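Let me begin by presenting the structure, written as structure tokens, before commenting on it.
The values are calculated or read from the model by the stated rules, or taken from the named source; none is laboratory data. It should be emphasised that the depicted structure is a prediction, and the values quoted were computed from it without experimental measurement. When we count neighbours, we look across all protein chains shown, and the Cβ atoms used for this are built from the backbone with ideal geometry, even at glycine. Each accessible area value is taken on the protein alone, full model and side chains, heavy atoms only, with ligands, DNA and RNA left out. Shrake-Rupley method; radii C 1.70, N 1.55, O 1.52, S 1.80 Å.
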Amino acid sequence: MKSGFFKAALVGLFAVWGQSAGAAGLHAGDIELSVNFGALGVGGYHELEYGTGIPIFEGALNTLLAGPSGPRWRGTNPGFDSEPGTFQLTDVVNVRPVVSGTGLDFWNGSSWQDLMPRNETLELRDTLDETAIFDEVGFTQSAFFEGALWPEPDGAIHQHFTFTLSDSPSGLPGPTTGAYRILLQASSSSYAPSTPFYIVFNRGLGDEQFEEAIHAMAVPEPGTYAMLGLGLGVIALVARRRKA
């Protein structure tokens, strides 16, 4: 019982910690990097995934690119930033896909799935023009992909990657309207890695529809509430019997 209470308290502490770090962020909506007790931290998230506590950040793919390969949608948010003095000039922060994570996930209007309607892929292009490409199976990355972020002279970071959504086979009508998500993690040779974090991208959904996709990650399923209610009922029944 004490152990469970202690874990719950820690989750709450880190949630408040991350949100407070994000509240002081340099650019609203960016992923704020910090260093806490020798480990990288990420703040400024919108929600935490239910059951895992994984931070959820939001982005948008709203720039249309037309070409012989068909329409693609691009965005550069969220970016990555930090307060001045957070890092040394020699520090390099690397943002990479989580090896044990799934690839690209799609919100079908009622649940998250790893099946892409039109075999969509999401390309992450870093500041060195190297790429990591996510699909429904996992991800592949170019030989020199680092996802590197460098501090400025004042010890702050402010950089953006480029995210591009494509479909295969290419052509009309292009990538499916919906929400897409990937799982990343920040690491550095100078610090312990951050917790993994999601970026959920909106491709053409209305605000309310997109928030439903986020809500589905952050709130328990109805069945979970039912089990919780049943468990509380059993506890109450046992307590009454003991009093009797």
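Here is how the numbers come out for the structure above:
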| read-out | value |
| --- | --- |
| FRET efficiency estimate (nearest 0.05) - Cβ-Cβ, Ser190 to Ser168, R0 51 angstrom | 0.85 |
| Sequence-distant residues sharing a close amide H with His158 (under 5 Å, placed H) | Glu152 |
| Nitroxide proxy distance, nm - points 7 Å out along Cα→Cβ at Asn36 and Thr76 | 2.9 |
| 1.4 Å probe accessible area per residue over segment 58-123, in Å² | 47 |
| Under 5 Å, built H, 5+ apart or other chain: amide partners of Glu58 | His46, Val200 |
| Phi-based couplings in Hz for segment 40-55 (Karplus 6.51, -1.76, 1.60; Gly and Pro marked x) | 6, x, 10, x, x, 6, 8, 8, 10, 5, 5, x, 10, x, 6, x |
| Cα coordinate range in segment 50-146, projected on the principal axes (Å, largest first) | 44, 41, 26 |
| Label-point separation in nm, Gln113 to Ser69, each point 7 Å along Cα→Cβ | 2.6 |
| Distance (nanometres) between label positions extended 7 Å along Cα→Cβ at His215 and Leu128 | 4.3 |
| Estimated dipole of segment 15-160 in Debye, rounded to 20 [Cβ of Lys and Arg +1, of Asp and Glu -1, Cα centre] | 260 |
| When the convex hull of its Cα atoms is projected in every direction, mean area for segment 107-224 (nm²) | 10.1 |
| Model label zone, Thr176; criterion: amide N under 14 Å from point 7 Å along Cα-to-beta-carbon; scope segment 102-125 | 104-122 |
